[in-house]
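Just so you know, all these numbers are worked out from the coordinates, no wet-lab data involved. Note that the structure is a prediction, hence the values are computed from the model and not measured. Ideal geometry is used to build each Cβ from the backbone, glycine not excepted, and the neighbour counts take in all protein chains shown.
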C-alpha cells in the first residue's frame, strides 16, 4: 500500500531541511529548580526505522506519563490504537500518550518509516492531547499534521543548534507545539457543514444537560446506528458525543455556580451528574479547581 501526500512538493521541501540535521536525537535534562513547569520537552529527533526492530508497546514503557508526537516525512507507520489500525503515511502525524493501550511500528507493507519526533511531558501537555484524542483520534491527517510539524521543526533546529538550553525555553516550545495540536482539534462548537442529524443531537445536548442522555439514546433520536452516529458526530461536531455532552454539562454548572445560590449537590443534579463526587472530579479536571473554589473565586 502506498500513501502519498496531496501536496508532495511541500513535504519534500520540509524533508530536505530535516535531512540537513542528519538522523540524530537529543535528550533534555534540567535541574529541578524554580516553579513547576507544566509543559516540557524530554527528547526529540529525526529518525529512519526499518524492519521489525522498531516496535513500541504503549503499556511496556513504564508508568511515567508522557506524550509522543511523530510526523512522517517518508515511508509509513502503523498504529494500533484501541483496537483500530491507523496508517501514518507521509505528511500525517501520530500523537499518543504513555502509558496507554497502543502499539506502533513500521507498516508491514512499507520498507521504512522516516519521521520527526518530539516527546513531551507535563500536566498541560497531557490535558491538550486528551482533547485532541477526543476530537480527532490519535492521527492527524495530511495537512493538519504538516502544520504542527513546522513547530516540531523549530524544536529540532533549536535542539541541534549547539546553544545552551534553558528549562523555560524548552517549556515555551513544548507549549507552542501543544497549542498547535489543540488548534487542529477545532473549537467545541461544531462545524458549519454539520448534517441535520448531528446538529439536532448537539442542540439536544445543549438544551437538556440535566437529562440522562447516552449515546444509544442520541443515536435513536437521529435514527442512526450508535456506531455510525458516533463517527458522524465526531467528524462534524469536533468531538465525541460523550465529550460534547460533558463540555456543556460543565458549562451549565459554571453558570449555575455564578448565578444561583443552589448547593453544589443541587447543581450537580441540575447539570446531569447523578453523583456529586463524580461531578467534583469532572469539574476539577476541566477547570483545575473544585466547584466550591470556582464559586468563591468569582472566575
Alpha carbon convex hull of region 8-185, volume per residue in cubic angstrom: 110 Å³
Estimated FRET transfer efficiency when R0 is 51 angstrom, pair residue 287-residue 111 (beta carbons, to 0.05): 0.60
Modelled FRET efficiency - R0 22 Å, residue 172 with residue 21, Cβ distances, 0.05 increments: 0.60
0 to 90° range, to nearest 10: angle between helix 196-207 axis and the chain longest Cα axis: 60 degrees
Cα gyration tensor shape for region 152-299, rounded if a/c is under 1.5, else prolate or oblate: oblate
C-alpha center-to-center spacing [region 19-41, region 67-101] in angstrom: 21 Å
Exposure proxy ranking, count of Cβ atoms within 10 Å, fewest first, for 131, 266: 266, 131
Over the chain: Kirkwood hydrodynamic radius from C-alpha pairwise inverse distances, Å: 21.0 Å
Distance-filtered residues of region 234-257 - backbone nitrogen under 15 Å, label point 7 angstrom along residue 38 Cα→Cβ: none
Cα-based helix-to-principal-axis angle, 144-159 vs the chain, degrees rounded to 10: 60 degrees
Between helix 276-287 and the chain: long-axis angle, C-alpha atoms, 0 to 90°, nearest 10: 40 degrees
Label-point separation in nm, residue 82 to residue 59, each point 7 Å along Cα→Cβ: 1.6 nm
Residue order, fewest to most beta carbons within 10 Å, for 85, 91: 85, 91
Exposure proxy ranking, count of Cβ atoms within 10 Å, fewest first, for 179, 94: 179, 94
